[in-house]
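Down below is the structure, laid out as C-alpha coordinates.
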Amino acid sequence: MFLENDINRAGKNGWVEVIVGSMFSGKTEELIRRLNRAKIARQKVEIFKPHIDVRYSEDEVVSHNSNSIRSTPVETSANILLLASNVDVVGIDEAQFFDEGLAEVCNELANQGIRVIVAGLDMDFRGNPFGPIPSLMATAEYVTKVHAVCMRCGNLANYSHRLAEADKLVLLGEKSEYEPLCRNCYQKIYQDTENK
Ligand code: ZN
(Lines give C-alpha, C1' and ligand atoms only; values in the text may rest on other atoms or scores of the structure.)
Protein backbone atom coordinates (compact mmCIF):
# COMPACT_ATOMS: atom_id res chain seq x y z
CA MET A 1 0.00 0.00 0.00
CA PHE A 2 1.19 3.49 -0.79
CA LEU A 3 2.33 5.43 2.27
CA GLU A 4 2.56 9.16 2.24
CA ASN A 5 5.84 10.99 2.04
CA ASP A 6 6.85 12.69 5.27
CA ILE A 7 4.96 15.90 5.21
CA ASN A 8 7.26 18.83 5.67
CA ARG A 9 5.09 21.37 7.40
CA ALA A 10 7.78 23.99 7.93
CA GLY A 11 9.19 24.15 4.44
CA LYS A 12 6.91 23.82 1.43
CA ASN A 13 7.66 20.58 -0.33
CA GLY A 14 5.41 19.60 -3.18
CA TRP A 15 5.36 16.48 -5.31
CA VAL A 16 3.22 14.56 -7.81
CA GLU A 17 1.64 11.13 -7.26
CA VAL A 18 -0.02 9.27 -10.14
CA ILE A 19 -2.51 6.40 -9.75
CA VAL A 20 -3.24 4.55 -13.00
CA GLY A 21 -4.95 1.38 -14.15
CA SER A 22 -7.78 0.01 -16.28
CA MET A 23 -11.49 0.43 -15.71
CA PHE A 24 -12.63 -1.15 -12.41
CA SER A 25 -9.09 -1.25 -11.01
CA GLY A 26 -9.86 0.89 -7.97
CA LYS A 27 -8.05 4.07 -9.06
CA THR A 28 -10.69 6.40 -7.69
CA GLU A 29 -11.02 4.45 -4.42
CA GLU A 30 -7.26 4.84 -3.94
CA LEU A 31 -7.44 8.56 -4.76
CA ILE A 32 -10.28 9.04 -2.27
CA ARG A 33 -8.42 7.04 0.38
CA ARG A 34 -5.35 9.28 0.08
CA LEU A 35 -7.42 12.47 0.04
CA ASN A 36 -9.39 11.42 3.11
CA ARG A 37 -6.15 10.74 4.98
CA ALA A 38 -4.91 14.21 4.05
CA LYS A 39 -8.15 15.64 5.43
CA ILE A 40 -7.66 13.72 8.69
CA ALA A 41 -4.22 15.34 8.84
CA ARG A 42 -6.07 18.70 8.70
CA GLN A 43 -4.76 19.59 5.28
CA LYS A 44 -6.67 21.77 2.89
CA VAL A 45 -7.75 19.60 -0.03
CA GLU A 46 -9.23 20.60 -3.41
CA ILE A 47 -10.43 18.06 -5.97
CA PHE A 48 -10.91 18.59 -9.70
CA LYS A 49 -12.23 16.52 -12.55
CA PRO A 50 -12.77 17.21 -16.24
CA HIS A 51 -16.13 18.72 -17.08
CA ILE A 52 -16.80 15.76 -19.36
CA ASP A 53 -17.10 13.16 -16.58
CA VAL A 54 -20.70 13.49 -15.51
CA ARG A 55 -21.28 9.77 -15.11
CA TYR A 56 -22.81 9.86 -11.66
CA SER A 57 -22.67 13.29 -10.24
CA GLU A 58 -22.01 16.82 -11.44
CA ASP A 59 -19.77 17.90 -8.62
CA GLU A 60 -18.53 14.78 -6.89
CA VAL A 61 -15.75 12.32 -7.59
CA VAL A 62 -17.51 8.99 -7.29
CA SER A 63 -15.89 5.58 -7.33
CA HIS A 64 -17.61 2.38 -8.42
CA ASN A 65 -18.19 1.39 -4.82
CA SER A 66 -20.01 4.70 -4.25
CA ASN A 67 -17.43 6.42 -2.14
CA SER A 68 -17.62 10.05 -3.03
CA ILE A 69 -15.90 13.30 -2.34
CA ARG A 70 -16.85 16.82 -3.42
CA SER A 71 -15.06 18.01 -6.55
CA THR A 72 -15.01 20.89 -9.00
CA PRO A 73 -15.56 20.16 -12.71
CA VAL A 74 -13.19 22.24 -14.87
CA GLU A 75 -12.99 22.78 -18.62
CA THR A 76 -9.20 22.85 -19.07
CA SER A 77 -6.11 21.95 -17.05
CA ALA A 78 -5.12 25.63 -16.88
CA ASN A 79 -8.25 26.32 -14.83
CA ILE A 80 -6.86 24.10 -12.06
CA LEU A 81 -3.91 26.49 -11.62
CA LEU A 82 -6.30 29.41 -11.20
CA LEU A 83 -8.59 27.59 -8.75
CA ALA A 84 -6.01 25.82 -6.58
CA SER A 85 -4.94 28.65 -4.37
CA ASN A 86 -4.13 28.26 -0.70
CA VAL A 87 -4.36 24.48 -0.63
CA ASP A 88 -2.03 21.76 0.66
CA VAL A 89 -3.27 18.92 -1.54
CA VAL A 90 -4.80 18.87 -5.03
CA GLY A 91 -6.62 15.73 -6.23
CA ILE A 92 -7.46 15.17 -9.91
CA ASP A 93 -9.69 12.33 -11.13
CA GLU A 94 -10.31 11.00 -14.68
CA ALA A 95 -7.10 12.76 -15.68
CA GLN A 96 -6.97 11.01 -19.07
CA PHE A 97 -9.75 13.30 -20.33
CA PHE A 98 -7.74 16.47 -19.68
CA ASP A 99 -5.67 18.26 -22.33
CA GLU A 100 -1.91 17.74 -22.84
CA GLY A 101 -1.15 20.70 -20.57
CA LEU A 102 -2.06 18.73 -17.45
CA ALA A 103 1.46 17.42 -16.67
CA GLU A 104 2.84 20.97 -16.79
CA VAL A 105 0.04 22.19 -14.53
CA CYS A 106 0.69 19.42 -11.98
CA ASN A 107 4.41 20.15 -11.98
CA GLU A 108 3.75 23.87 -11.53
CA LEU A 109 1.50 23.12 -8.52
CA ALA A 110 4.14 20.79 -7.03
CA ASN A 111 6.78 23.50 -7.54
CA GLN A 112 4.56 25.80 -5.49
CA GLY A 113 4.73 23.31 -2.62
CA ILE A 114 1.47 21.47 -3.26
CA ARG A 115 1.05 17.69 -3.05
CA VAL A 116 -0.72 16.64 -6.27
CA ILE A 117 -2.49 13.27 -6.56
CA VAL A 118 -3.71 12.35 -10.04
CA ALA A 119 -5.81 9.32 -11.00
CA GLY A 120 -6.63 8.18 -14.54
CA LEU A 121 -6.81 5.45 -17.15
CA ASP A 122 -3.36 4.62 -18.48
CA MET A 123 -4.69 3.11 -21.74
CA ASP A 124 -7.73 3.69 -23.92
CA PHE A 125 -9.86 0.74 -25.06
CA ARG A 126 -7.46 0.12 -27.95
CA GLY A 127 -4.54 -0.30 -25.57
CA ASN A 128 -2.89 3.02 -26.50
CA PRO A 129 -1.48 5.43 -23.88
CA PHE A 130 -4.26 7.82 -22.94
CA GLY A 131 -3.95 11.63 -23.32
CA PRO A 132 -1.70 13.40 -20.80
CA ILE A 133 -1.13 10.25 -18.66
CA PRO A 134 2.25 9.20 -20.19
CA SER A 135 3.78 12.65 -19.50
CA LEU A 136 2.35 12.60 -15.99
CA MET A 137 3.80 9.15 -15.28
CA ALA A 138 7.20 10.25 -16.56
CA THR A 139 7.41 13.41 -14.47
CA ALA A 140 5.76 12.27 -11.22
CA GLU A 141 7.74 11.29 -8.13
CA TYR A 142 5.43 8.34 -7.41
CA VAL A 143 3.49 6.11 -9.80
CA THR A 144 1.10 3.43 -8.55
CA LYS A 145 -0.41 1.01 -11.05
CA VAL A 146 -3.51 -0.74 -9.76
CA HIS A 147 -5.19 -3.72 -11.42
CA ALA A 148 -8.68 -4.98 -11.97
CA VAL A 149 -9.62 -8.68 -12.15
CA CYS A 150 -9.94 -10.25 -15.61
CA MET A 151 -13.62 -10.99 -16.24
CA ARG A 152 -12.77 -14.09 -18.29
CA CYS A 153 -10.01 -15.88 -16.37
CA GLY A 154 -9.57 -14.17 -13.02
CA ASN A 155 -5.96 -13.03 -13.55
CA LEU A 156 -4.88 -9.45 -12.95
CA ALA A 157 -6.35 -7.22 -15.65
CA ASN A 158 -4.79 -4.11 -17.17
CA TYR A 159 -6.87 -3.65 -20.33
CA SER A 160 -10.30 -2.01 -20.63
CA HIS A 161 -12.10 -3.95 -23.33
CA ARG A 162 -15.05 -2.11 -24.84
CA LEU A 163 -18.12 -4.24 -25.36
CA ALA A 164 -20.22 -1.49 -26.92
CA GLU A 165 -19.99 -0.80 -30.64
CA ALA A 166 -18.85 2.77 -30.75
CA ASP A 167 -15.69 4.24 -32.16
CA LYS A 168 -15.58 7.40 -30.12
CA LEU A 169 -12.57 7.42 -27.80
CA VAL A 170 -14.50 9.07 -25.00
CA LEU A 171 -17.34 6.81 -24.06
CA LEU A 172 -18.16 7.05 -20.40
CA GLY A 173 -19.14 3.68 -19.30
CA GLU A 174 -20.07 1.15 -16.80
CA LYS A 175 -20.09 -2.64 -16.61
CA SER A 176 -22.39 -2.89 -19.65
CA GLU A 177 -19.88 -1.14 -21.93
CA TYR A 178 -16.48 -2.25 -20.65
CA GLU A 179 -14.86 -5.29 -19.11
CA PRO A 180 -11.39 -5.49 -17.60
CA LEU A 181 -9.19 -8.15 -19.23
CA CYS A 182 -5.69 -9.57 -18.78
CA ARG A 183 -3.19 -9.48 -21.65
CA ASN A 184 -3.96 -13.04 -22.78
CA CYS A 185 -7.73 -12.67 -22.91
CA TYR A 186 -7.49 -9.25 -24.55
CA GLN A 187 -5.09 -10.63 -27.21
CA LYS A 188 -7.41 -13.55 -27.92
CA ILE A 189 -10.34 -11.28 -28.67
CA TYR A 190 -8.35 -9.20 -31.14
CA GLN A 191 -6.85 -12.26 -32.84
CA ASP A 192 -10.35 -13.68 -33.24
CA THR A 193 -11.62 -10.42 -34.75
CA GLU A 194 -8.70 -10.26 -37.20
CA ASN A 195 -9.25 -13.85 -38.35
CA LYS A 196 -12.88 -13.25 -39.17
ZN1 ZN B 1 -7.82 -13.21 -18.59
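The values are calculated or read from the model by the stated rules, or taken from the named source; none is laboratory data. Note that the structure is predicted; figures quoted are calculated from it, not measured. Cβ sites come from the backbone with ideal geometry, for glycine too, and all protein chains shown count toward neighbours. The accessibility values were calculated without ligands, DNA or RNA, using every heavy atom of the protein model including side chains. Shrake-Rupley method; radii C 1.70, N 1.55, O 1.52, S 1.80 Å.
Numerical summary
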{"item": "Residue order for Thr76, Thr28 - accessible surface, 1.4 angstrom probe, largest first", "result": "Thr76, Thr28"}
{"item": "Antiparallel DSSP beta bridges within the stretch 4-148, as percent of all bridges there, nearest 5", "result": "15"}
{"item": "Extension gain, Arg37 back to Thr76 (0.36 nm per residue minus Cα-Cα distance, nm)", "result": "11.3 nm"}
{"item": "Rounded to whole Hz, the Karplus (6.51, -1.76, 1.60) HN-Hα couplings of the stretch 110-121, x for glycine and proline", "result": "4, 5, 7, x, 9, 7, 10, 10, 10, 10, x, 6"}
{"item": "Heavy atoms of Leu156 accessible to a 1.4 Å probe, total area in Å² rounded to 10", "result": "120"}
{"item": "Dipole of the stretch 4-148 [Lys/Arg +1, Asp/Glu -1 at C-beta], most positive-end residue of Leu82, Ser71, Gln43", "result": "Gln43"}
{"item": "Zero-based 5 Å bins, Cα pair distances in the stretch 4-148, whole percents", "result": "2, 10, 22, 26, 23, 13, 4, 1, 0, 0"}
{"item": "Exposure rank, largest accessible area first [Asp88, Asp124; 1.4 Å]", "result": "Asp88, Asp124"}
{"item": "Surface per residue (accessible, 1.4 Å probe) for the stretch 4-148, Å²", "result": "44"}
{"item": "Computed FRET value (nearest 0.05) for Asn5 with Thr193, which takes r as the C-beta separation and R₀ as 41 Å", "result": "0.40"}
{"item": "Cut-off under 5 Å, modelled amide H: who pairs with Ile117 long-range", "result": "Glu17, Val90, Gly91, Ile92"}
